[in-house]
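Notes for the one structure printed next.
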Amino acid sequence: MRHRTQGLLATGLATLGGLHLAPAVTALPALRGRLLPSLDGVGPPDRIALTFDDGPDPQSTPHFLEVLAAHRVRATFFLLGAMLRRSPDLGRQLVAAGHEVALHGWEHRNLLLRGPLATGRDLTAGQALITTVTGHTPRFFRPPYGVLTGPALLAAHRLGLRPVLWTCWGRDWTRSADAESVLAEIRGGLAGGGTVLLHDSSCAAAPGAWRAGLDALPRLLDECRRRGWTVGPLGTHLDGA
């Protein structure tokens, strides 16, 4: 009886562990495209969703806002609660400029290392802070590193958040990144209907890495315009899908 109980306990723990870890495979683009294509954020073929992670950061985010304003483009900013708490005025500035705010979590932590209760608290606190500071309740959630877990999916569902990752990114967080490398990475997966990921902060990256994405941004916007794509926030993008 004792061995049977131990066996059932081990099986239960293994099942719980599987439920926690299984969604993390969606961080791999090839598997994500086959298993859960809706996570990519694919919209109408004449549109591109432009998204930024890890802000708001007073050192860098205002520079991105200047470029977007010059090109008359709006985007979605996935905010970290801890960053917004330090710079609430910048969060309000994002919304005042017509940009969409979404949730990136509380801190830039891999959710595989967070338990169910901590994950739920992180998402709840982050969404509440964004709503209170900006007056806009986030619709979308993107986990740090693009790594989803079972508890994160459950918490997102409870909070009315839709998880969305990306179709292409610029790898603009590395020390060696520059405008050319960022554009080359994006072009490798850039197609109509896609969701582009850049970073408006280096809080979880090499110091100053955000400059590579900033330098690439005007050329990216010009290229999208030449291809006949309208660039905008994620909400508009997916509402038209």
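The values are calculated or read from the model by the stated rules, or taken from the named source; none is laboratory data. Model, not experiment: these values are computed from the prediction. Ligands, DNA and RNA are excluded from the accessible area calculation, which covers all protein heavy atoms including side chains. Shrake-Rupley method; radii C 1.70, N 1.55, O 1.52, S 1.80 Å.
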How large are Rg and Dmax for the range 115-241 when only the alpha carbon atoms are used, in Å?
16.2, 47
Where the accessible area of the range 122-183 is counted over protein heavy atoms with a 1.4 Å probe, how much of it, in %, is carbon and sulfur?
57
Just to confirm my numbers, what's the Cα centroid distance between the range 102-120 and the range 148-165 in Å?
10
When ligands, DNA and RNA are left out and all protein chains stay put, how many square angstrom of accessible area per residue does the range 69-122 have with a 1.4 Å probe?
48
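Rounded, prolate or oblate: which fits the range 170-222 when a ≥ b ≥ c are the square roots of the eigenvalues of the alpha-carbon gyration tensor, with rounded for a/c under 1.5 and prolate only if a/b beats b/c?
Judged from the Cα gyration tensor, the range 170-222 comes out prolate (a/c at least 1.5, a/b above b/c).
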